[in-house]
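Asks: Before I ask anything, let me first share the structure, which is written out below as structure tokens.
The values are calculated or read from the model by the stated rules, or taken from the named source; none is laboratory data. Predicted model only: the values in this text are computed from it and were never measured. Cβ coordinates were reconstructed from backbone atoms using ideal geometry, including for glycine residues, and neighbour counts include every protein chain displayed. In case anyone asks, the SASA skips ligands and DNA or RNA and just uses the protein heavy atoms, side chains included. Shrake-Rupley method; radii C 1.70, N 1.55, O 1.52, S 1.80 Å.
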Amino acid sequence: MARNLCRAGLDVRVWNRTRAKAEPLAADGARVAGNPADAVAGADAVLTMLYDGPAALDAMRAAAPSLAPGTVWLQSTTAGTDPLPLLEGFARDHGLLFVDAPVLGTRGPAEAGELTVLAAGPTTARDRLAPVLDAVGSRTVWVGERPGAATRLKLVCNTWVLAVTHGTAETLALADGLGVDFDHFLDAIAGGGLDLGYLRAKSAALRGRTLTPPSFAVDTAEKDARLIVAAGEAAGVRLDATAAGAERFRRAAAQGHAAEDMAASYFASFETPDRS
């Protein structure tokens, strides 16, 4: 996302909790800041994309001395519903225009500037954010003015993504366990409503063991699954499959697959981690 902001000709300063991850962006024209306050000083817009809501709030608290009232805060971390009141409260206390803006898309779309941005926030922020949104995404779906609407939509979207991921992983695992040629399965569903490009892409990654670098890592997928379950519980909705999926991710991570693509849910189907 930062590279695409630079390529769009925007003046970009970046900060990462692990500075070594930010350093390569200097070659793209970004200025690497030593702390969050230096990163946001004089900025028209601040974009946060961190691991979770508490990490985003910690970063913004550290940036607070340099935040100017009226600055737009584009909050793109998948934070879940529980941290939203704290994030909104921080924005309100510092006079920021808060835009709830998680994204759909993994590593490939992010690198290509083709993310889908789900956005909710004041209309007064939209024109100011247009150059930023155009740089990082192929489209922006505005779902309302009240922050939280975009986060709730993101959780619904991720529920589907995780369900298809686990479905692919378990189907391939059962085929392998039963000695069924997986290509026969793909042929059986070819061209029908059950045939998905996502299924074919994830199963190919698993069969070829091309799980790194991940499009979406197991440990982050587990985090998102638990955020979804918590949001469902708060709304009186029981999400048994998503809860079971979170446990699959936990087992896969414990087997050594935490930093691999979430398709590594496959390995949770077996007692032994080595399925090479």
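Asks: Between region 76-112 and region 226-242, how many Å separate their Cα centres?
Replies: 20 Å
Asks: Nothing charged except the Cβ atoms of Lys and Arg (+1) and of Asp and Glu (-1): what's the magnitude of the dipole of region 168-242 about its Cα centre? Round to the nearest 20 debye.
Replies: 220 debye
Asks: Using the crude model of +1 on Lys and Arg Cβ and -1 on Asp and Glu Cβ, and no other charge, please compute the dipole size for the chain relative to its Cα centre, in debye to 20.
Replies: Its charge dipole is roughly 480 debye.
Asks: Looking at region 17-101, which chymotrypsin sites (Phe, Trp or Tyr not before Pro) are DSSP coil and have at most 14 other C-beta atoms within 10 Å of their C-beta?
Replies: Here the chymotrypsin sites (Phe, Trp or Tyr not before Pro) that fit, given the DSSP loop and packing criteria, are 51.
Asks: Identify, among 206, 129, 68, the residue whose Cα sits farthest towards the positive end of the charge dipole of the chain, taking +1 on the Cβ of Lys and Arg and -1 on the Cβ of Asp and Glu, with the dipole about the Cα centre.
Replies: 68
Asks: Right, here's the next one. Using only the heavy atoms of the protein chains and a 1.4 Å probe, how would 262, 49 rank by accessible area, largest first?
Replies: Descending accessible area places them as 49, 262.
Asks: Tell me, in nm to one decimal, what length is gained between residue 195 and residue 107 on full extension, where the rule is 0.36 nm per residue of separation less the Cα-Cα distance?
Replies: 29.4 nm
Asks: Can you list residues whose amide H is under 5 Å from residue 142's amide H, if they're 5+ apart or on another chain and H is modeled 1.01 Å from N?
Replies: The answer is 119.
Asks: Determine the calculated [θ] at 222 nm for the chain from helices alone, applying -39500 (n - 2.57) to every DSSP H run no shorter than 4 residues and normalising by the residue count; nearest 500 deg cm²/dmol.
Replies: Here the helix-only value at 222 nm equals -14500 deg cm²/dmol.
Asks: When the convex hull of the C-alpha atoms of region 46-198 is computed, what volume per residue in Å³ does it have?
Replies: Dividing the Cα hull volume of region 46-198 by its residues yields 134 Å³.
Asks: Find which of 192, 5, 95 sits farthest along the positive direction of the dipole of the chain, computed with +1 on the beta-carbon of Lys and Arg, -1 on that of Asp and Glu, about the Cα centre.
Replies: Going by the charge dipole, the pick is 95.
Asks: Can I ask one more? If you wrap a convex hull around the alpha carbons of region 1-67, what volume per residue comes out, as a whole number of Å³?
Replies: Cα convex hull per residue, to the nearest whole number: 78 Å³.
Asks: Roughly how many nanometres apart are two label points built 7 Å out from the Cα toward the Cβ at residue 44 and residue 7?
Replies: 2.1 nm
Asks: Let me ask you something else. 5 Å is the cut-off here: which amide hydrogens, built 1.01 Å from N in the peptide plane, fall below it relative to residue 31, excluding neighbours closer than 5 in sequence?
Replies: 12, 13, 14
Asks: State the extension gain, in nm to one decimal, for the chain segment bounded by residue 26 and residue 243, taking 0.36 nm per residue of separation less the distance between their alpha-carbons.
Replies: Between residue 26 and residue 243, full extension yields 74.1 nm more.
Asks: Another question, if that's okay. Return the FRET efficiency for the residue pair residue 139, residue 174: r is the Cβ-Cβ distance, R0 is 51 Å, and the value is rounded to the nearest 0.05.
Replies: The computed FRET efficiency comes out at 0.85.
Asks: While we're on this one: If a helix is a whole DSSP H run, which ones in the chain reach 30 Å or further along their own axis (Cα) and hold a mean Kyte-Doolittle hydropathy of at least 0.0?
Replies: Helix filter hits for the chain: 149-178.
Asks: Identify, among 239, 50, 225, the residue whose Cα sits farthest towards the positive end of the charge dipole of the chain, taking +1 on the Cβ of Lys and Arg and -1 on the Cβ of Asp and Glu, with the dipole about the Cα centre.
Replies: Ranked along the dipole, the leading option is 50.
Asks: Report residue 171's accessible area, 1.4 Å probe, all protein chains in place, as a number in Å² to the nearest 10.
Replies: 50 Å²
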